[in-house]
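The structure appears below as structure tokens.
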Amino acid sequence: MTVFNTCSGSASLVAGVSNDGGYRELYGELYSSGSEAAQRAEAFLREQLAGAAELPCDLPDTPEQLPSWAEKHCADVARDYASYLAERQHGAGRRYFTNKAHALYFLQRVAPTKEVDGAWLEGVLEHWRDHRFDGLLTTYLEELGKGDPRQNHVRIYRTLLAEHDCDDQQGLDDEHFLQGAIQLALGRCGTDFMPEVIGYNLGYEQLPLHLLISAYELRELGIDPYYFTLHVTIDNVSSGHGRKAVQSLLELMPLDEGRGEFYRRVASGYRLNDLGLGSTAVIQGFELQREVIAMLERKRVFGQHMHSDYCRLEGKTVNQWLSSPGHVADFLAAMERKGWIKRHRSPDESRFWQLIEGSTAAMFGVFSGYEKQLIHDWIAGDWQAPKQRPALHRDHDSAGVDSSTPDDPELESLRNSLDNQAPHQQLEALKPWLSAQRHHRPAGLFATRRFIELRARLR
């Protein structure tokens with residue numbers, strides 16, 4: 001059986017999606033499995049590999065050095081995190097998140113990547129019989145929580161977004177969809193790009209410092225960090241995904257003269273991790289005043305005709321203030337001068353906040369949880385709210401694997417479709433349900449558990 005297509009991953013480009021507004025569109029197409037998605041995914045991957053070719057690469061010269069390379073990386077991260085903790089214990093402030101709105105901004109803008117967690121490995125499902133792929137397949141199935149809704153990474157992240165009402169993607173830029181599109185494309189094109197998949201997986205599964213710091217600071221701000229702490233434990237280089245990434249590469253390395261080309265392609269896939277906005281770049285991109293204005297500008301389109309003419313600010317009605325773009329900052333300044341907004345004091349003292357917050361507020365439901373947090377933290381400014389209680393670790397074991405809706409129509413349809421099929425036929429029919437857009441749904445969770453059961457029986 002031919003496992004790898006040994007053509008160069010950086011061959012001449014096929015016309016594909018560039019960075020001129022196409023990442024979000026391609027992300028949506030790959031996620032929804034459009035009929036032309038496979039061809040576009042390949043063109044896109046070749047384009048991105050060419051773009052990443054000139055990026056620096058810290059992989060060792062030979063694959064045999066990878067175990068010590070991974071261990072050194074882990075030791076460096078542990079040292080740097082210990083230094084961070086020492087700084088905090090000596091009174092230093094948070095390094096990443098200035099306030100809760102900043103943290104929610106981060107969670108929202110990395111969501112397109114987190115909501116396809118593990119998608120780059122989807123292609124390894126085709127190799128379920130080949131023991132050399134066991135490490136990669138185990139990693140993928142663990143990203144899917146092995147069908148347990150409490151451990152499915154995408155489900156955990158979606159729950160986190162829903163808890164803080166920050167799952168709206170209106171404010172996201174095209175660039176925020178690049179890494180997610182890369183992951184979906186790798187999953188779709190695994191047959192021809194398996195060395196690149198292995199290289200991407202190698203880079204993605206090495207524990208980064210930002211994961212540890214993010215988890216620490218999210219907890220301080222009252223946000224459950226479980227999604228991040230789960231990755232700290234599951235990606236460990238001792239026995240987790242970091243280790244499996246190295247072992248899988250070594251297991252799948254050719255034994256003939258193709259080793260050099262294979263490793264070169266692995267390095268190309270590894271570099272894909274550095275394209276687009278990384279987590280720290282997203283965090284550094286936050287500026288509170290700018291985000292408040294941008295959010296209100298998006299709202300302006302819907303609210304410019306919704307206010308009565310009863311209230312006037314500096315001779316203009318609210319509708320007049322909102323009638324044309326570019327005046328939100330002036331509108332906010334006018335409310336400050338009027339005393340409706342009292343900056344650097346408790347938001348409860350501001351009339352504008354009183355109109356927004358609470359079930360009896362005049363504008364109840366107009367702003368999402370994230371949007372209200374932006375306004376709250378902007379008004380509060382330098383005002384120090386009472387210290388927030390750190391997020392308690394939720395009981396993520398409170399619901400069993402069978403807690404998915406038992407009468408879900410998709411799940412019932414899938415169960416019925418498997419009746420009277422031989423085990424091998426069932427396994428093949430289940431694979432599409434382990435895809436990025438399906439595995440976190442009730443039918444996908446069932447399919448994952450059934451796939452694992454059948455695979456163990458048939459091997």
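Worth pointing out:
- Residues of region 188-230 classified as within 30 Å of ARG40 (Cα to Cα) and aliphatic (A, V, I, L, M), total: 4
- Residue that is assigned to a helix (DSSP H, G or I), under 21 Å from ARG300 (Cβ atoms), of a type outside the set (Lys, Arg) and touching a strand residue (DSSP E or B) at 6+ places or on another chain (Cβ under 8 Å), where the choices are PHE331, PHE352: PHE331
- Yes/no for GLY269 being touching a residue at least 24 places away in the same chain (Cβ under 8 Å), assigned by TED's automatic domain parsing to the domain that holds ASP58 and part of a loop (DSSP other than H, G, I, E, B): no
- Any hit, region 314-327, residues being of a type in the set (Val, Ile, Thr), at pLDDT below 95, loosely packed, with under 13 Cβ neighbours inside 10 Å and not assigned by TED's automatic domain parsing to the domain that holds GLN206: no
- Pairing each residue of region 200-216 that is assigned by TED's automatic domain parsing to the domain that holds ASP80 with any residue that is charged (D, E, K, R), provided the two are 6+ apart or on different chains, yields C-beta distances under 7 Å for GLU205/ASP235; LEU207/ASP235; LEU209/ASP80; ILE213/ARG95.
- Wholly within region 112-223, helices (runs of 4 or more DSSP H) carrying at least 2 residues that are under 24 Å from GLU428 (Cα atoms) and modelled with pLDDT of 95 or more: 134-143, 153-163, 178-188, 194-204
- Top-ranked residue in region 53-76 [being within 17 Å of LYS244 (Cβ to Cβ) and within 24 Å of the chain's Cα centre (by Cα); ranked as surrounded by the most Cβ atoms within 10 Å (Cβ to Cβ)]: ALA70
- A Cβ distance below 9 Å, combined with a sequence gap of six or more or placement on separate chains, defines the contacts here; from region 115-135, residues that are at positive phi reach residues that are of a type in the set (Phe, Trp, Tyr) and in a helix (DSSP H, G or I) in the pairs GLY118/TYR140.
The values are calculated or read from the model by the stated rules, or taken from the named source; none is laboratory data. Remember, predicted model here, so these are calculated numbers, not experimental data. For neighbour counting, all protein chains shown are included, and Cβ atoms are generated from backbone atoms with ideal geometry for every residue, glycine included.
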